[in-house]
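The block underneath contains the structure these notes are about, expressed in structure tokens.
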Amino acid sequence: MLTFSAGAVNAWGFLSLGGVFTSVVTANSALTGVGLGGADPKLGALAAVAVLCYVLGAAGAAWAASHAPRGGRLGPVGFLLLELLLLWAVVGWLLAVHGDPAGWERTAMLGTVAAAMGCQNAGVRVALGARVPTAYLTGLLTGAVAEAVTARRVQWPALVTLTLLILGAAAATLLERLLPGAVPLLPALLVTAAWLNAHTRTGARLGP
């Protein structure tokens, strides 16, 4: 659910929030350099906002983890709650402006969803101890290819994760064409479902 939602958020950021991504820091950093070089300053500025807000979201999740009880680890309920609040804030904001945000509002929405993606990646890494990312896959794909060549072993989890990200982006693109303005609902609902699942599991473990 998290990977599918990340694909949807990245597609929405690219299609509707200025042509940059929300969690692909490598690409956004390169675009920031393009802007600094004078080719497209506006695009570079948007990419810089996405990178900065991603960092702030990751830092927020990491800070919460370091101040969490039970060994200083933020459980999935915690970081998913932070992420879904950010995503639902964008949904509500978009409804308030009737699906047509102004320039600065579009930039603020980009920053908010980028922060949500930073929160997701840091939360998965810190709270779950997972090395498999859900919103950026360059390292994952590189490792899978290297493993296939050197060890003759297929990393199926990596391929499934990559496929889910692509499907999430495809679903968001189709939804944008059919129901413009409804795309942010998709990741918000998916992350909420993930939070409810984590909340239920946590309650079951703590129950009698």
> T134 passes all but one of (1) closer than 18 Å to S16 by Cα; (2) not in a helix (DSSP H, G or I); which number fails?
Replying inline: (1)
> What is the one condition in (1) surrounded by 23 or more Cβ atoms within 10 Å (Cβ to Cβ); (2) touching a Leu at 6+ places or on another chain (Cβ under 7 Å); (3) assigned to a helix (DSSP H, G or I); (4) of a type in the set (A, V, I, L, M) that V20 does not satisfy?
Replying inline: (3)
> Could you say whether any residue in region 105-123 is closer than 26 Å to L162 by Cβ, open to solvent by 40 Å² or more (accessible area, probe 1.4 Å), in contact (Cβ under 8 Å) with a residue 24 or more places away in the chain and not in a loop (DSSP other than H, G, I, E, B)?
Replying inline: no
> From the list T134, T138, T107, T142, which one is at pLDDT 90 or above and of a type in the set (S, T, N, Q)?
Replying inline: T107
>> Looking at region 138-197 only, could you name the residues that are open to solvent by 40 Å² or more (accessible area, probe 1.4 Å) and either at positive phi or assigned to a loop (DSSP other than H, G, I, E, B) (or both)?
In response: R152, R153, V154, Q155, L179, P180
> P101 is checked against (1) more than 21 Å from A47 (Cα to Cα); (2) outside any helix (DSSP H, G or I) and fails just one. What number does that condition carry?
Replying inline: (1)
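Residues checked against (1) modelled with pLDDT under 90; (2) under 28 Å from R177 (Cα atoms):
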residue	(1), (2)
S5	no, yes
N10	no, yes
L17	no, yes
F21	no, yes
D40	no, yes
Y54	no, yes
A59	no, no
H67	yes, no
R70	yes, no
> When both residues are 6+ apart or on different chains and their Cβ atoms are under 6 Å apart, which pairs have a first residue that lies in region 158-171 and is within 15 Å of L186 (Cβ to Cβ), and a second that is of a type in the set (S, T, Y)?
Replying inline: L164/T3; L165/T3
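The values are calculated or read from the model by the stated rules, or taken from the named source; none is laboratory data. What you see is a predicted model, and the numbers here were worked out from it, not measured in a lab. Neighbour counts are summed over all protein chains in view; Cβ atoms, including those assigned to glycine, are modelled from backbone coordinates with ideal geometry. These area figures cover heavy atoms from the full protein model, side chains too; ligands, DNA and RNA do not enter into them. Shrake-Rupley method; radii C 1.70, N 1.55, O 1.52, S 1.80 Å.
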